[in-house]
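The structure under discussion appears below in the form of C-alpha coordinates.
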Amino acid sequence: MYKKVISVLFLAFAVSITISCGGLQPIPVEAYGEEGATLFEDLPIPLKSAEVDVLYATDRTRDSDQEILLYGNDRSSSLAFGFARVNLGKDLSWNDLVAWSQSQNPEPVNIEPFITSVTEVARLPASPYPYELNKSGQLILGAQFSEQLNTVQETIQNTIRKRLELTGRKDIYVHVHGIKSQIGDTLIDAALTYHLYGRQGVPIVYSWPAGQRGLLRGYTGDRESGEFTVFHLKEFIKIIAAIDEVAKINFTAHSRGTDVILTALRELIIEARASGKDPHRSLKLSNLILIAPDIDAGVASQRVIAEALTFSLDRVTVYTNDHDGAIAIATKLFGNSQRLGNYDVSEVTERQKESLKRFKNYDIIFYSGEGGGLLEHSYYQSPAMLADYFLLLEGKKPGASNGRPLEPLGEYMWGMDDNYLK
(Lines give C-alpha, C1' and ligand atoms only; values in the text may rest on other atoms or scores of the structure.)
Protein backbone atom coordinates (compact mmCIF):
# COMPACT_ATOMS: atom_id res chain seq x y z
CA MET A 1 0.00 0.00 0.00
CA TYR A 2 2.83 2.40 0.93
CA LYS A 3 4.58 1.84 -2.42
CA LYS A 4 1.32 2.38 -4.28
CA VAL A 5 0.71 5.73 -2.59
CA ILE A 6 4.29 6.88 -3.30
CA SER A 7 3.89 5.85 -6.93
CA VAL A 8 0.67 7.86 -7.35
CA LEU A 9 2.21 10.91 -5.67
CA PHE A 10 5.26 10.73 -7.92
CA LEU A 11 3.10 10.57 -11.01
CA ALA A 12 1.06 13.56 -9.91
CA PHE A 13 4.19 15.53 -9.07
CA ALA A 14 5.84 14.80 -12.39
CA VAL A 15 2.73 15.74 -14.35
CA SER A 16 2.43 19.02 -12.44
CA ILE A 17 6.00 20.21 -13.06
CA THR A 18 5.85 23.72 -14.49
CA ILE A 19 8.05 24.15 -17.52
CA SER A 20 9.73 27.54 -17.40
CA CYS A 21 8.55 29.99 -20.01
CA GLY A 22 10.78 32.67 -21.47
CA GLY A 23 13.36 30.07 -22.50
CA LEU A 24 12.90 30.55 -26.24
CA GLN A 25 16.04 30.67 -28.35
CA PRO A 26 16.73 32.51 -31.61
CA ILE A 27 15.86 30.45 -34.65
CA PRO A 28 17.85 29.80 -37.84
CA VAL A 29 17.65 32.86 -40.08
CA GLU A 30 16.46 30.61 -42.94
CA ALA A 31 13.10 30.31 -41.21
CA TYR A 32 12.33 33.90 -42.08
CA GLY A 33 12.48 33.18 -45.79
CA GLU A 34 13.43 35.76 -48.41
CA GLU A 35 12.12 38.60 -46.25
CA GLY A 36 14.47 37.72 -43.38
CA ALA A 37 16.95 40.49 -44.05
CA THR A 38 14.33 43.22 -43.78
CA LEU A 39 11.87 41.56 -41.42
CA PHE A 40 12.55 43.91 -38.51
CA GLU A 41 13.55 46.93 -40.62
CA ASP A 42 10.11 47.43 -42.14
CA LEU A 43 8.30 47.64 -38.80
CA PRO A 44 6.60 50.88 -37.77
CA ILE A 45 8.57 52.97 -35.25
CA PRO A 46 6.29 52.12 -32.25
CA LEU A 47 7.19 48.43 -32.63
CA LYS A 48 10.96 48.96 -32.77
CA SER A 49 11.61 48.59 -29.09
CA ALA A 50 12.78 46.02 -26.57
CA GLU A 51 9.32 46.37 -25.03
CA VAL A 52 6.40 44.34 -26.36
CA ASP A 53 2.69 44.77 -25.65
CA VAL A 54 0.74 41.52 -25.49
CA LEU A 55 -3.05 41.49 -25.25
CA TYR A 56 -4.68 39.03 -22.88
CA ALA A 57 -8.04 37.64 -21.84
CA THR A 58 -8.44 35.70 -18.60
CA ASP A 59 -11.04 34.34 -16.24
CA ARG A 60 -8.58 34.10 -13.38
CA THR A 61 -9.26 36.15 -10.25
CA ARG A 62 -7.20 39.29 -9.72
CA ASP A 63 -4.20 38.96 -7.41
CA SER A 64 -4.12 42.13 -5.35
CA ASP A 65 -0.97 41.13 -3.45
CA GLN A 66 1.31 41.82 -6.41
CA GLU A 67 2.97 45.17 -7.14
CA ILE A 68 2.06 44.72 -10.80
CA LEU A 69 -1.54 43.74 -11.52
CA LEU A 70 -1.57 40.02 -12.19
CA TYR A 71 -4.05 37.24 -11.75
CA GLY A 72 -4.10 34.22 -9.46
CA ASN A 73 -5.13 30.61 -9.95
CA ASP A 74 -8.76 30.79 -8.81
CA ARG A 75 -11.73 31.05 -11.15
CA SER A 76 -13.54 34.27 -11.91
CA SER A 77 -17.11 34.36 -13.19
CA SER A 78 -16.21 37.28 -15.46
CA LEU A 79 -13.65 37.50 -18.25
CA ALA A 80 -11.07 40.30 -18.05
CA PHE A 81 -9.30 41.80 -21.07
CA GLY A 82 -6.22 43.98 -21.18
CA PHE A 83 -2.59 44.23 -22.21
CA ALA A 84 0.76 43.54 -20.58
CA ARG A 85 4.01 45.32 -21.34
CA VAL A 86 6.94 42.91 -21.50
CA ASN A 87 10.54 44.13 -21.54
CA LEU A 88 12.73 41.59 -23.33
CA GLY A 89 15.90 42.68 -21.55
CA LYS A 90 17.03 45.48 -19.27
CA ASP A 91 19.02 48.15 -21.14
CA LEU A 92 18.69 46.09 -24.32
CA SER A 93 19.08 48.08 -27.53
CA TRP A 94 16.91 47.43 -30.57
CA ASN A 95 19.92 46.65 -32.77
CA ASP A 96 21.27 44.06 -30.32
CA LEU A 97 17.82 42.51 -30.02
CA VAL A 98 17.45 42.17 -33.78
CA ALA A 99 20.95 40.67 -34.13
CA TRP A 100 20.20 38.13 -31.40
CA SER A 101 16.85 37.31 -32.97
CA GLN A 102 18.48 36.31 -36.24
CA SER A 103 21.32 34.38 -34.59
CA GLN A 104 23.90 36.79 -35.97
CA ASN A 105 25.27 38.39 -32.81
CA PRO A 106 28.41 36.70 -31.41
CA GLU A 107 28.34 38.85 -28.27
CA PRO A 108 26.27 37.91 -25.19
CA VAL A 109 22.94 39.73 -25.08
CA ASN A 110 20.82 40.29 -21.99
CA ILE A 111 17.63 38.44 -22.95
CA GLU A 112 15.90 38.21 -19.58
CA PRO A 113 12.26 39.20 -20.17
CA PHE A 114 10.20 40.70 -17.38
CA ILE A 115 6.76 42.29 -17.13
CA THR A 116 6.76 46.02 -16.44
CA SER A 117 3.00 46.63 -16.32
CA VAL A 118 -0.38 44.98 -16.75
CA THR A 119 -3.43 47.08 -17.62
CA GLU A 120 -6.98 45.73 -17.48
CA VAL A 121 -9.00 47.50 -20.16
CA ALA A 122 -12.42 45.85 -19.91
CA ARG A 123 -14.33 43.12 -18.14
CA LEU A 124 -17.33 41.18 -19.44
CA PRO A 125 -20.36 40.80 -17.16
CA ALA A 126 -20.31 37.81 -14.84
CA SER A 127 -21.65 34.54 -16.16
CA PRO A 128 -24.09 32.90 -16.33
CA TYR A 129 -25.90 35.58 -18.31
CA PRO A 130 -29.55 36.28 -17.36
CA TYR A 131 -31.26 34.65 -20.32
CA GLU A 132 -35.03 34.36 -20.54
CA LEU A 133 -37.57 33.08 -23.04
CA ASN A 134 -39.69 35.55 -25.01
CA LYS A 135 -43.21 34.82 -26.23
CA SER A 136 -41.82 33.09 -29.31
CA GLY A 137 -39.75 30.73 -27.20
CA GLN A 138 -36.45 32.40 -28.14
CA LEU A 139 -33.64 32.99 -25.66
CA ILE A 140 -33.06 36.71 -25.11
CA LEU A 141 -31.19 39.05 -22.79
CA GLY A 142 -32.78 42.08 -21.21
CA ALA A 143 -32.20 45.43 -22.93
CA GLN A 144 -30.15 46.88 -20.06
CA PHE A 145 -27.88 43.85 -19.82
CA SER A 146 -27.46 43.70 -23.60
CA GLU A 147 -26.39 47.35 -23.66
CA GLN A 148 -23.84 46.71 -20.91
CA LEU A 149 -22.51 43.63 -22.72
CA ASN A 150 -22.27 45.45 -26.07
CA THR A 151 -20.35 48.35 -24.50
CA VAL A 152 -17.70 46.04 -23.08
CA GLN A 153 -17.44 44.08 -26.32
CA GLU A 154 -16.93 47.28 -28.30
CA THR A 155 -14.16 48.37 -25.92
CA ILE A 156 -12.35 45.06 -26.49
CA GLN A 157 -12.83 45.26 -30.24
CA ASN A 158 -11.61 48.85 -30.46
CA THR A 159 -8.47 47.96 -28.47
CA ILE A 160 -7.70 45.15 -30.91
CA ARG A 161 -8.40 47.45 -33.87
CA LYS A 162 -5.74 49.89 -32.64
CA ARG A 163 -3.20 47.07 -32.50
CA LEU A 164 -4.16 45.92 -36.00
CA GLU A 165 -3.36 49.41 -37.31
CA LEU A 166 0.33 48.79 -36.52
CA THR A 167 0.66 45.69 -38.68
CA GLY A 168 0.13 44.91 -42.33
CA ARG A 169 -0.96 41.40 -41.41
CA LYS A 170 -4.48 41.55 -40.02
CA ASP A 171 -4.28 38.17 -38.29
CA ILE A 172 -4.82 37.27 -34.65
CA TYR A 173 -2.63 34.69 -32.88
CA VAL A 174 -4.31 33.24 -29.79
CA HIS A 175 -2.10 31.31 -27.34
CA VAL A 176 -3.69 28.86 -24.87
CA HIS A 177 -1.43 27.39 -22.18
CA GLY A 178 -1.60 24.06 -20.34
CA ILE A 179 -1.88 23.07 -16.68
CA LYS A 180 0.21 24.46 -13.81
CA SER A 181 0.81 27.66 -15.76
CA GLN A 182 0.95 31.21 -14.48
CA ILE A 183 -0.28 34.11 -16.59
CA GLY A 184 2.99 36.02 -16.23
CA ASP A 185 5.06 33.20 -17.72
CA THR A 186 2.62 32.80 -20.60
CA LEU A 187 2.67 36.53 -21.38
CA ILE A 188 6.48 36.49 -21.55
CA ASP A 189 6.42 33.37 -23.73
CA ALA A 190 3.94 35.00 -26.13
CA ALA A 191 5.97 38.23 -26.23
CA LEU A 192 9.12 36.36 -27.25
CA THR A 193 7.30 34.29 -29.85
CA TYR A 194 5.66 37.40 -31.30
CA HIS A 195 9.01 39.17 -31.51
CA LEU A 196 10.83 36.22 -33.11
CA TYR A 197 8.03 35.98 -35.68
CA GLY A 198 8.83 39.51 -36.78
CA ARG A 199 6.10 41.23 -34.74
CA GLN A 200 3.48 40.39 -37.31
CA GLY A 201 -0.23 40.31 -36.56
CA VAL A 202 -1.60 40.67 -33.04
CA PRO A 203 -0.75 38.19 -30.23
CA ILE A 204 -3.36 37.43 -27.58
CA VAL A 205 -2.85 35.21 -24.54
CA TYR A 206 -5.95 33.39 -23.37
CA SER A 207 -5.17 32.40 -19.79
CA TRP A 208 -7.57 30.07 -17.98
CA PRO A 209 -7.39 29.41 -14.21
CA ALA A 210 -4.69 26.75 -14.24
CA GLY A 211 -1.93 26.48 -11.65
CA GLN A 212 -3.72 24.89 -8.72
CA ARG A 213 -1.43 23.86 -5.88
CA GLY A 214 -0.95 20.29 -4.81
CA LEU A 215 0.00 17.06 -6.49
CA LEU A 216 -2.86 14.96 -7.81
CA ARG A 217 -5.35 17.62 -6.74
CA GLY A 218 -3.50 20.23 -8.79
CA TYR A 219 -3.79 18.22 -11.99
CA THR A 220 -7.44 17.24 -11.57
CA GLY A 221 -8.35 20.76 -10.40
CA ASP A 222 -6.79 22.27 -13.50
CA ARG A 223 -8.61 19.80 -15.73
CA GLU A 224 -11.94 20.96 -14.33
CA SER A 225 -10.91 24.61 -14.61
CA GLY A 226 -10.31 23.85 -18.28
CA GLU A 227 -13.95 22.79 -18.54
CA PHE A 228 -15.07 25.88 -16.60
CA THR A 229 -13.37 28.30 -19.00
CA VAL A 230 -14.98 27.04 -22.21
CA PHE A 231 -17.96 29.43 -22.10
CA HIS A 232 -15.71 32.46 -21.63
CA LEU A 233 -13.35 31.34 -24.39
CA LYS A 234 -16.24 30.91 -26.81
CA GLU A 235 -17.55 34.37 -26.03
CA PHE A 236 -14.10 35.85 -26.56
CA ILE A 237 -13.58 34.12 -29.92
CA LYS A 238 -16.94 35.47 -31.12
CA ILE A 239 -15.93 38.98 -30.08
CA ILE A 240 -12.70 38.76 -32.10
CA ALA A 241 -14.38 37.19 -35.13
CA ALA A 242 -16.90 40.04 -35.24
CA ILE A 243 -14.14 42.62 -35.88
CA ASP A 244 -14.32 43.52 -39.57
CA GLU A 245 -10.61 44.31 -39.76
CA VAL A 246 -9.59 40.83 -38.60
CA ALA A 247 -8.66 38.59 -41.52
CA LYS A 248 -7.87 35.27 -39.80
CA ILE A 249 -7.63 33.83 -36.30
CA ASN A 250 -4.89 31.29 -35.51
CA PHE A 251 -4.92 29.15 -32.38
CA THR A 252 -1.92 27.55 -30.70
CA ALA A 253 -2.47 25.36 -27.65
CA HIS A 254 0.02 23.49 -25.48
CA SER A 255 -0.52 20.39 -23.35
CA ARG A 256 -3.93 20.44 -21.59
CA GLY A 257 -4.80 23.68 -23.35
CA THR A 258 -5.49 21.54 -26.41
CA ASP A 259 -8.60 20.12 -24.76
CA VAL A 260 -9.75 23.64 -23.86
CA ILE A 261 -9.49 24.99 -27.40
CA LEU A 262 -10.83 21.83 -29.07
CA THR A 263 -13.94 21.88 -26.89
CA ALA A 264 -14.58 25.57 -27.49
CA LEU A 265 -14.10 25.37 -31.26
CA ARG A 266 -16.19 22.21 -31.52
CA GLU A 267 -19.14 23.91 -29.81
CA LEU A 268 -18.78 27.11 -31.83
CA ILE A 269 -18.61 25.19 -35.11
CA ILE A 270 -21.68 23.12 -34.25
CA GLU A 271 -23.53 26.31 -33.27
CA ALA A 272 -22.59 28.03 -36.55
CA ARG A 273 -23.58 25.05 -38.66
CA ALA A 274 -26.91 24.76 -36.83
CA SER A 275 -27.68 28.39 -37.65
CA GLY A 276 -26.89 27.86 -41.33
CA LYS A 277 -23.55 29.70 -41.28
CA ASP A 278 -20.19 28.62 -42.65
CA PRO A 279 -18.01 28.49 -39.49
CA HIS A 280 -14.83 28.82 -41.52
CA ARG A 281 -15.99 32.18 -42.80
CA SER A 282 -18.06 33.47 -39.88
CA LEU A 283 -15.43 32.61 -37.25
CA LYS A 284 -12.45 33.40 -39.54
CA LEU A 285 -10.72 30.18 -38.49
CA SER A 286 -7.24 29.60 -39.90
CA ASN A 287 -4.63 27.42 -38.16
CA LEU A 288 -5.28 25.14 -35.21
CA ILE A 289 -1.90 24.06 -33.83
CA LEU A 290 -1.76 21.50 -31.02
CA ILE A 291 1.65 21.11 -29.38
CA ALA A 292 2.34 18.22 -26.97
CA PRO A 293 -1.42 17.68 -26.65
CA ASP A 294 -2.41 16.18 -23.31
CA ILE A 295 -5.62 14.60 -24.52
CA ASP A 296 -6.77 11.05 -25.10
CA ALA A 297 -6.14 10.16 -28.75
CA GLY A 298 -9.61 8.66 -29.11
CA VAL A 299 -11.25 11.77 -27.68
CA ALA A 300 -9.23 13.98 -30.03
CA SER A 301 -10.27 11.80 -32.96
CA GLN A 302 -13.94 12.17 -32.05
CA ARG A 303 -13.71 15.95 -31.67
CA VAL A 304 -11.61 16.66 -34.74
CA ILE A 305 -12.29 13.87 -37.22
CA ALA A 306 -15.73 12.54 -36.31
CA GLU A 307 -17.09 16.09 -35.94
CA ALA A 308 -15.35 17.08 -39.21
CA LEU A 309 -13.74 20.14 -37.63
CA THR A 310 -11.03 20.22 -40.27
CA PHE A 311 -13.51 21.47 -42.90
CA SER A 312 -13.90 24.65 -40.85
CA LEU A 313 -10.17 25.40 -40.60
CA ASP A 314 -7.39 26.19 -43.05
CA ARG A 315 -5.14 23.64 -41.39
CA VAL A 316 -4.86 21.42 -38.30
CA THR A 317 -1.34 20.53 -37.15
CA VAL A 318 -0.38 18.24 -34.29
CA TYR A 319 3.16 18.13 -32.90
CA THR A 320 3.85 14.97 -30.94
CA ASN A 321 6.87 13.39 -29.26
CA ASP A 322 6.94 9.75 -28.20
CA HIS A 323 9.60 10.63 -25.56
CA ASP A 324 7.36 13.22 -23.86
CA GLY A 325 7.64 12.18 -20.21
CA ALA A 326 4.79 14.33 -18.93
CA ILE A 327 2.35 12.86 -21.45
CA ALA A 328 3.58 9.34 -20.66
CA ILE A 329 2.84 9.92 -16.98
CA ALA A 330 -0.61 11.26 -17.79
CA THR A 331 -1.25 8.12 -19.82
CA LYS A 332 -0.46 5.96 -16.79
CA LEU A 333 -2.40 8.22 -14.46
CA PHE A 334 -5.61 7.90 -16.45
CA GLY A 335 -5.10 4.35 -17.66
CA ASN A 336 -5.57 5.34 -21.29
CA SER A 337 -4.11 3.23 -24.07
CA GLN A 338 -2.77 6.25 -25.93
CA ARG A 339 -2.60 10.04 -25.69
CA LEU A 340 -2.15 12.25 -28.70
CA GLY A 341 0.92 14.00 -27.32
CA ASN A 342 3.24 10.98 -27.33
CA TYR A 343 2.11 9.19 -30.45
CA ASP A 344 4.63 7.08 -32.32
CA VAL A 345 4.32 6.88 -36.10
CA SER A 346 4.01 3.09 -35.86
CA GLU A 347 0.83 3.51 -33.78
CA VAL A 348 -1.11 5.38 -36.47
CA THR A 349 -3.77 2.94 -37.67
CA GLU A 350 -4.74 2.36 -41.29
CA ARG A 351 -8.14 3.89 -40.59
CA GLN A 352 -6.49 7.04 -39.22
CA LYS A 353 -4.23 7.22 -42.26
CA GLU A 354 -7.31 7.09 -44.50
CA SER A 355 -8.84 9.94 -42.51
CA LEU A 356 -5.71 12.05 -43.01
CA LYS A 357 -5.89 11.46 -46.76
CA ARG A 358 -9.56 12.40 -46.84
CA PHE A 359 -9.17 15.71 -45.02
CA LYS A 360 -5.89 16.75 -46.70
CA ASN A 361 -5.29 19.59 -44.24
CA TYR A 362 -4.47 17.61 -41.07
CA ASP A 363 -0.76 16.99 -40.46
CA ILE A 364 0.92 15.04 -37.67
CA ILE A 365 4.54 16.00 -37.03
CA PHE A 366 6.68 13.64 -34.95
CA TYR A 367 9.41 15.52 -33.08
CA SER A 368 12.49 13.47 -32.12
CA GLY A 369 14.90 16.13 -30.89
CA GLU A 370 16.25 16.73 -27.41
CA GLY A 371 14.40 19.96 -26.61
CA GLY A 372 11.80 20.27 -23.92
CA GLY A 373 13.50 20.21 -20.55
CA LEU A 374 13.48 17.38 -18.04
CA LEU A 375 10.31 15.73 -19.33
CA GLU A 376 10.73 16.81 -22.98
CA HIS A 377 7.27 18.40 -22.75
CA SER A 378 8.12 22.00 -23.69
CA TYR A 379 9.96 21.28 -26.92
CA TYR A 380 8.00 24.09 -28.54
CA GLN A 381 10.77 26.36 -27.18
CA SER A 382 13.49 24.75 -29.32
CA PRO A 383 14.84 26.64 -32.37
CA ALA A 384 13.89 23.76 -34.67
CA MET A 385 10.29 23.73 -33.49
CA LEU A 386 10.00 27.51 -33.70
CA ALA A 387 11.37 27.48 -37.23
CA ASP A 388 8.78 25.01 -38.44
CA TYR A 389 6.03 26.74 -36.46
CA PHE A 390 6.79 30.07 -38.16
CA LEU A 391 6.93 28.49 -41.61
CA LEU A 392 3.56 26.88 -40.88
CA LEU A 393 2.09 30.27 -39.95
CA GLU A 394 3.49 31.63 -43.21
CA GLY A 395 1.19 29.19 -45.02
CA LYS A 396 3.87 26.78 -46.18
CA LYS A 397 2.77 23.16 -46.45
CA PRO A 398 5.09 20.41 -45.17
CA GLY A 399 7.77 19.09 -47.49
CA ALA A 400 11.16 20.26 -48.76
CA SER A 401 9.63 21.35 -52.08
CA ASN A 402 7.37 23.73 -50.14
CA GLY A 403 10.14 25.25 -48.05
CA ARG A 404 9.47 23.14 -44.93
CA PRO A 405 12.07 20.34 -45.06
CA LEU A 406 10.30 17.86 -42.82
CA GLU A 407 11.02 14.17 -43.28
CA PRO A 408 8.10 12.37 -44.98
CA LEU A 409 6.89 9.41 -42.89
CA GLY A 410 3.72 8.73 -44.83
CA GLU A 411 0.96 10.86 -46.29
CA TYR A 412 0.33 13.84 -43.96
CA MET A 413 2.83 12.43 -41.43
CA TRP A 414 6.22 14.05 -40.98
CA GLY A 415 9.34 13.81 -38.84
CA MET A 416 11.66 16.50 -37.52
CA ASP A 417 14.66 16.73 -35.20
CA ASP A 418 16.95 19.47 -33.91
CA ASN A 419 18.87 19.61 -37.22
CA TYR A 420 15.86 21.16 -38.94
CA LEU A 421 16.96 23.84 -41.46
CA LYS A 422 20.66 23.23 -40.68
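A few points about this structure:
- Inter-residue pairs, beta-carbon under 9 Å, first under 24 Å from G82 (Cβ atoms) and in the range 121-146, second in a loop (DSSP other than H, G, I, E, B), 6+ apart: F145/P125; F145/Y129; F145/P130
- Residues that are buried (at least 19 other Cβ atoms within 10 Å of the Cβ) and either modelled with pLDDT under 95 or among the basic types (K, R) (or both), drawn from the range 399-415: R404, P405, Y412, M413
- When restricted to residues that are closer than 18 Å to F231 by Cβ and in contact with a Leu (Cβ under 7 Å, 6 or more places away or on another chain), the range 124-138 contains 5.
- Count - residues of the range 224-243 that are closer than 13 Å to Q157 by Cβ and in contact with a Lys or Arg (Cβ under 9 Å, 6 or more places away or on another chain): 3
- When the range 181-197 is filtered for residues that are part of a loop (DSSP other than H, G, I, E, B) and either surrounded by 23 or more Cβ atoms within 10 Å (Cβ to Cβ) or aliphatic (A, V, I, L, M) (or both), only S181 remains.
- Listed conditions (1) over 18 Å from Q157 (Cβ atoms); (2) touching a strand residue (DSSP E or B) at 6+ places or on another chain (Cβ under 9 Å); (3) at pLDDT 95 or above are all met by A272, apart from (2).
- Considering residues of the range 206-223 that are in a helix (DSSP H, G or I) and farther than 15 Å from L262 by Cα only, the residue modelled with the lowest pLDDT: L216
Residues checked against (1) hydroxyl-bearing (S, T, Y); (2) at pLDDT 90 or above:
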{"position": "S282", "(1), (2)": "yes, yes"}
{"position": "L290", "(1), (2)": "no, yes"}
{"position": "V299", "(1), (2)": "no, no"}
{"position": "D314", "(1), (2)": "no, yes"}
{"position": "Y319", "(1), (2)": "yes, yes"}
{"position": "G325", "(1), (2)": "no, no"}
{"position": "L333", "(1), (2)": "no, no"}
{"position": "V345", "(1), (2)": "no, no"}
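- Filter result for Y197 (among the hydroxyl-bearing types (S, T, Y) and at pLDDT below 95): yes
- Listed by position, the helices (runs of 4 or more DSSP H) contained in the range 318-422 that have at least 2 residues being more than 30 Å from S103 (Cα to Cα) and in contact (Cβ under 8 Å) with a residue 60 or more places away in the chain are 325-334.
- Scanning the range 41-66 for residues that are at pLDDT below 90 and in contact with a Phe, Trp or Tyr (Cβ under 8 Å, 6 or more places away or on another chain) yields one hit, D63.
- Spans of helices (runs of 4 or more DSSP H) in the range 238-312 with at least 1 residues of a type in the set (D, E), touching a residue at least 24 places away in the same chain (Cβ under 8 Å) and crowded, with 19+ Cβ neighbours inside 10 Å: 257-274
The values are calculated or read from the model by the stated rules, or taken from the named source; none is laboratory data. This one's a predicted model, so the numbers in the text were calculated from it and none came from an experiment. Quick reminder, even Gly has a Cβ in these numbers, built from the backbone with ideal geometry, and neighbours come from all protein chains shown.
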